[in-house]
Amino acid sequence: MPPLLEVHALEKRFTVGGAWLRGRRRVIRAVDDVSFAIERGEVLGLVGESGCGKSTTGRLILRLVEPSAGSIRFEGRDLLALSPPKLWATRQRMQIVFQDPFASLNPRMRVGGIVAEPLAIYGRGDGAERRRQVAELLEVVGLDAAFAERYPHELSGGQRQRIGIAAALALRPSLIVADEPVSALDVSVQAQVLNLLMELRERFGLTYLFISHDLHVVLHMSDRVAVMYLGEIVEIGPRDALYGDAHHPYTQVLLSAVPVADPTLRRERIVPKGEVASPLAMPSGCRFHPRCPFVFDRCRVERPALRTVGEGHEAACHLY
Ligand code: SF4
């Protein structure tokens with residue numbers, strides 16, 4: 001059976017210009033030659049700093065943003081070749097949970113209407129059946145059916161995110177793109193929402209693309225992890241391989257900030273040089289070279305390709 005999702009050489013280029021660039025037009029490669037696959041029931045974590053292209057990758061997969069190049073296969077079908085009606089039908093099985101539950105819920109709709117909306121759009125059941133399904137979905141995400149009568153402003157951040165998850169589950173998807181699903185929440189409720197996502201994975205056999213800037217959270221949630229830097233995947237592999245044997249210097253930087261459970265084991269914090277480069281002035285060669293503590297001449301001129309460094313484990317670095 002093919003993987004549930006296969007992404008190959010995915011690209012998104014944005015053209016910018018105007019007065020602030022003195023009329024010049026520049027191309028930003030927000031996502032550049034990104035490839036990966038996710039097996040059914042698997043969680044792939046996608047991690048990197050803000051602006052690295054991870055959220056754009058998630059939106060490209062759902063075709064909320066149109067790719068500039070590459071291919072996306074979902075359930076064995078080429079998503080970019082589907083006719084609009086077939087794409088519309090396929091989208092039922094691919095859903096997204098957004099970062100900001102304050103912005104993603106319509107403030108003028110009651111919770112019941114928000115959760116029932118996908119069912120109504122796809123013509124599933126009559127009013128009574130949808131109300132029954134809403135009550136069931138609220139129970140599934142740990143909320144009482146009475147929440148259906150409330151408005152989003154009456155809810156806490158954690159409750160709103162549970163509503164966002166219930167709406168994403170309404171059409172019984174197989175893939176959920178979870179885009180920073182806990183980063184807008186208080187630390188005290190983050191673990192509850194992460195645990196809920198893991199329970200739902202087991203209960204419904206869900207597959208997740210789990211996107212976060214926080215490697216600690218990604219390691220907790222994922223079977224495999226892909227690390228992005230300035231639009232590219234620089235390392236990808238099984239969670240334990242990345243945690244115990246990170247190869248790419250950028251992964252090592254992220255890992256050095258992850259708390260270690262055993263207080264006798266201290267990881268030395270690695271602070272990279274300088275700031276992330278502007279996408280308008282992408283560094284030549286390896287994009288991490290201006291910040292890398294191990295940079296050497298070749299890094300400045302030659303872009304490293306992903307190479308196998310272990311079983312199912314690849315890194316893009318000239319050191320290997
Ligand atoms: Fe550092 Fe060179 Fe590896 Fe890039 S290719 S991460 S600059 S050592």
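For the reader, a short list of remarks on this structure follows.
- Residue that is farthest from Arg40 (Cα to Cα) [pool: residues in the range 181-192 that are surrounded by fewer than 21 Cβ atoms within 10 Å (Cβ to Cβ) and either touching a residue at least 24 places away in the same chain (Cβ under 8 Å) or not assigned by TED's automatic domain parsing to the domain that holds Arg59 (or both)]: Asp186
- Restricting the range 282-320 to residues that are of a type in the set (Gly, Ala, Ser) and under 25 Å from the mean Cα position of the chain (by Cα) leaves a set whose member that is farthest from the ligand (Cβ to nearest atom) is Gly312.
- For the range 15-28, the count of residues that are closer than 21 Å to Gln95 by Cα and of a type outside the set (A, V, I, L, M, F, W, C) is zero.
- Leu119 being surrounded by fewer than 17 Cβ atoms within 10 Å (Cβ to Cβ), among the hydrophobic types (A, V, I, L, M, F, W, C) and in a helix (DSSP H, G or I): no
- All of Arg73, Arg124, Arg59 fail the test of being buried (at least 16 other Cβ atoms within 10 Å of the Cβ) and either of a type in the set (Val, Ile, Thr) or in a helix (DSSP H, G or I) (or both), apart from Arg59.
- Taking the range 193-309 as the region of interest, the strands (runs of 3 or more DSSP E) fully inside it that hold 1 or more residues being surrounded by 15 or more Cβ atoms within 10 Å (Cβ to Cβ) and of a type in the set (Lys, Arg) are 224-229.
- Restricting the first member to the range 275-301 and to residues that are more than 18 Å from Gly53 (Cβ to Cβ), and the second to residues that are of a type in the set (Val, Ile, Thr) and more than 8 Å from the ligand (Cβ to nearest atom), the beta-carbon pairs closer than 7 Å and six or more apart or on different chains are Ser284/Val301; Gly285/Val301.
- Cβ-Cβ under 7 Å pairs, at least 6 apart or on other chains, the range 308-320 side over 18 Å from Arg291 (Cβ atoms), far side more than 8 Å from the ligand (Cβ to nearest atom) and among the β-branched types (Val, Ile, Thr): Glu314/Ile236; Glu314/Thr308; Tyr320/Val309
- Some residue of the range 254-271 being under 27 Å from the mean Cα position of the chain (by Cα) and within 11 Å of the ligand (Cβ to nearest atom): no
The values are calculated or read from the model by the stated rules, or taken from the named source; none is laboratory data. Since this is a predicted model, take the numbers as computed values, not measurements. With ideal geometry, Cβ positions are generated from the backbone for all residues, glycine too; neighbour counts draw on all protein chains shown.
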